[in-house]
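The values are calculated or read from the model by the stated rules, or taken from the named source; none is laboratory data. Treat the numbers as computed from the prediction; the structure is a model and nothing was measured. Ideal geometry is used to build each Cβ from the backbone, glycine not excepted, and the neighbour counts take in all protein chains shown. All accessible areas refer to the heavy atoms of the entire protein, side chains included, with ligands and DNA or RNA removed. Shrake-Rupley method; radii C 1.70, N 1.55, O 1.52, S 1.80 Å.
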Amino acid sequence: MTTRMLNVPFLRRIVALLRPGTLDRYLIAQVMPPFLVALSVVMIALILERLLVLFNLLAAGNNHIGIFIGLLAALLPHYLGLAIPAALCVAVFTVIRRMSQNEEIDAINSSGLSLLRITRPYIQLGVILGILSFLLYGFIQPHARYDFRSTFYIASHTGWAPRLQPRMFASPSSQLTIVADKVSQSGSDLENVFIRDLSEQQERDITARNGHIRIGLDGETVEIDLTHGVIVTDKGDGVPSLITFDHSTRYLTHASHVSPFRTRGEDERELTSPELVGRLIRHDPSISRPHMRSEVHFRMARSLTVPFIPLLAASLALMRKRQRNNAGLPLAFIIMVGFDHIIQFGHSMVATKKASLLLIWGPSLVFIVGCTLLLLYKSGTFQVLKVWRSRSSAQKALP
């Protein structure tokens, strides 16, 4: 059997090792539902706070819903990069904890398979998610970050966003004055409206029972819908004319011209990984070299640690016999959150020339080695090595 395995080409042995078996397919099938649920919950929790800011922007500037959807879509890659590690940890922890409580782990161990073998498909899943995270951090997030800033800039600088107050005059332009007795809906819905328009070398005095201010469909004008009102027009050459109406739409002002948003690449976080490496090689002075170098290593470190999250989750999920409660999941989150904050601190320190790259790679290596040693300890590998060494020593002691 050994000779036959040695005759198999190296690549075929690697493929055979990675090919999922029945146990692997079972474990992957068990982990996918909690992973998707955890990913959705974490994404929603992370986005909720930013949603309030986006809703305020939407209401403040009378922007249409397309602006809101564009901002939300640009945020998804950023929060997805934060949610993937957390969801992977929760999913693996949940499955291993349930299998430990149901004594499935013991049954699998009794068949000759160790905890390392049980965790193997989750490590492979972590490798796949690590590659996806590298693509996300290095290629998708830079474009999404620029798109968010560009869309936010346009939404913040486009249009006249009036903040009318009851019985206070507002002047959208030098030739237009508007006042209302009652104002609601953040200054958009008006009652008992009076407008004086001095454009076109004439005077128009408009009164209406109700009015509603909004951004026009073209996104470039501000309109007011008036109902049940009167228009008095005085051209200065005769008797003023009077017109009554049930509904009328007036243009208050055109949106001010907004200069185009800057081009992508003035911030190192808006550059893809190949662009960062290219600028580092060319010694591009437009962005600080320490900032670009720190960003490249920060992305790589975060991506390389993702495959080791299942090792941490599986180790902390194991329970002793008749043990009901286990603080494994809170401990896992404390470790992951603490690690993330440490490498972010190291990232900022390296970017400001106050530290070396060890502040990024040091904690990453500690995390990787710590997760590996913890799983080896939980799987009993150290005990096996200890027994093997004691037997070897006893055999050497024999005459």
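A few remarks follow.
- Residues within the reach of a label modelled at ASP234 (point 7 angstrom out along Cα to beta-carbon, backbone nitrogen below 11 Å), restricted to segment 179-209, are 203-205.
- Taking all protein chains together and a 1.4 Å probe, the residues SER294, SER241, SER111 rank SER111, SER241, SER294 from largest to smallest accessible area.
- Label positions at PHE55 and THR22, each projected 7 Å from the Cα along the C-beta direction, are separated by 5.2 nm.
- In the context of the full set of protein chains, residues of segment 270-385 present 53 Å² of accessible surface per residue (probe radius 1.4 Å, heavy atoms only).
- The label point for PHE139 and the one for TYR79, both projected 7 Å from the Cα toward the Cβ, are 2.4 nm apart.
- By accessible area with a 1.4 Å probe, ligands and nucleic acids excluded, highest first: order of ILE178, ILE65: ILE65, ILE178
- Simple spin-label estimate for LEU48 and THR249 in nanometres, 7 Å along Cα-Cβ: 3.9
- Here r is the Cβ-Cβ distance between GLU200 and ARG167 and R0 is 22 Å; the resulting FRET efficiency, rounded to 0.05, is 0.20.
- Taking every protein chain into account, the 1.4 Å probe leaves LEU125 with about 30 Å² of accessible area, to the nearest ten.
- When only alpha carbons are used to place a centre, segment 85-104 and segment 335-352 end up 27 Å from one another.
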